[in-house]
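Participant: Structure provided below as structure tokens; questions to follow.
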Amino acid sequence: MKIFNTRLNAPNDAQKTQLAEQHQTDDYLLLDFDTRQHSRFKATTVSGESVGVDLPRTGTLKGNDVLINEAGELIQVIAKPQVVTKVTADDVFTLMKGAYHLGNRHVPLMFDQSFDHGDTGYALYFENDHVLAQMLERLGLRVEDASVPFEPETGAYQSGQGHSHGHSHSHAHAHSSSDSHSHSHSDIHGNTHGASDSHEHSHENNHSHHDETVGQPK
């Protein structure tokens with residue numbers, strides 16, 4: 001099995017040609033956001049070949065990233081469309097409020113500008129969470145499911161790399177806001193949200209760096 005262990009920052013012309021040829025034969029990886037946060041995993045190319053990824057812990061893989069192995073072979077990562085929550089509003093100020101409250105909870109957010117996003121022309125996207133969706137609706141925003149390649153905003157202090165869960169940490173913090181939302185999280189994200197409607201929920205996303213297998217997309 002091929003093991004890709006280096007991120008190629010700037011493919012040369014010959015490598016770009018090779019990648020284009022590989023796309024024609026479905027020789028590339030189609031990965032969702034959760035998988036792209038890992039640095040070590042097994043995956044299956046669109047054509048059905050099993051490969052391994054073993055990278056330094058340097059942040060989330062993004063769509064169009066290129067990996068190379070010791071033999072000089074290449075594989076390109078494409079962000080897989082996935083079901084997320086899309087947020088729009090009638091005015092930019094209301095959308096800003098929504099972005100503030102989501103950011104205050106450290107929710108990975110993707111921003112998009114398009115004329116099909118209502119009057120403001122902008123939309124926010126985050127991984128599905130019905131409690132957060134209810135909070136946004138109370139603030140006057142519109143929420144709906146959408147299937148898109150999820151590429152959340154990179155942290156301003158992470159030198160272009162995405163949000164990484166590779167380090168060990170544990171901390172708790174509470175935010176005082178109109179919906180009394182508080183939560184704590186560690187490497188295994190167990191979040192408990194308290195809201196004004198007394199709705200509680202928990203969810204766990206194990207972002208460990210053990211091997212995992214990603215199936216071939218359908």
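Participant: Scan (1) within 12 Å of the chain's Cα centre (by Cα); (2) open to solvent by 20 Å² or more (accessible area, probe 1.4 Å); (3) at pLDDT below 90 for the single condition Gln82 breaks and write down its number.
Facilitator: (3)
Residue by residue, here is whether (1) acidic (Asp, Glu); (2) surrounded by fewer than 19 Cβ atoms within 10 Å (Cβ to Cβ) holds:
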{"position": "Leu67", "(1), (2)": "no, no"}
{"position": "Ala71", "(1), (2)": "no, yes"}
{"position": "Asp90", "(1), (2)": "yes, yes"}
{"position": "Lys97", "(1), (2)": "no, yes"}
{"position": "Val143", "(1), (2)": "no, no"}
{"position": "Glu151", "(1), (2)": "yes, no"}
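Participant: Give the residues of segment 27-42 that are among the acidic types (Asp, Glu), part of a loop (DSSP other than H, G, I, E, B) and farther than 16 Å from Val66 by Cβ, sorted by residue number. Even if it seems obvious, please write down each step before you answer.
Facilitator: Quick first cut of segment 27-42, residues among the acidic types (Asp, Glu) only: 27, 32, 34.
Add one more test, that the residue is part of a loop (DSSP other than H, G, I, E, B), and what stays is 27, 32.
Within segment 27-42, Asp32 is the sole residue that qualifies.
Participant: Checking the condition assigned to a loop (DSSP other than H, G, I, E, B) and aliphatic (A, V, I, L, M), which residue from Val77, Val84, Val46 passes?
Facilitator: Step by step, each of Val77, Val84, Val46 is checked, and only Val46 is assigned to a loop (DSSP other than H, G, I, E, B) and aliphatic (A, V, I, L, M).
Participant: Also: On the phi > 0 side of the Ramachandran plot, crowded, with 16+ Cβ neighbours inside 10 Å and touching a residue at least 60 places away in the same chain (Cβ under 8 Å) - does that describe any residue in segment 18-31?
Facilitator: no
Participant: Which numbered condition trips up Glu70, out of (1) in a loop (DSSP other than H, G, I, E, B); (2) free of Cβ contacts under 8 Å to residues at least 60 places away in the same chain?
Facilitator: (2)
Participant: Let me ask you something else. If Phe4 satisfies every condition in (1) in contact with a Pro (Cβ under 8 Å, 6 or more places away or on another chain); (2) within 11 Å of Val77 (Cβ to Cβ) but one, which is the exception?
Facilitator: Every condition holds for Phe4 apart from (1).
The values are calculated or read from the model by the stated rules, or taken from the named source; none is laboratory data. Note that the structure is predicted; figures quoted are calculated from it, not measured. Please note: Cβ atoms are built from the backbone with ideal geometry, for glycine as well, and neighbour counts cover all protein chains shown. These accessible areas exclude ligands, DNA and RNA; they are computed on the full protein's heavy atoms, side chains included. Shrake-Rupley method; radii C 1.70, N 1.55, O 1.52, S 1.80 Å.
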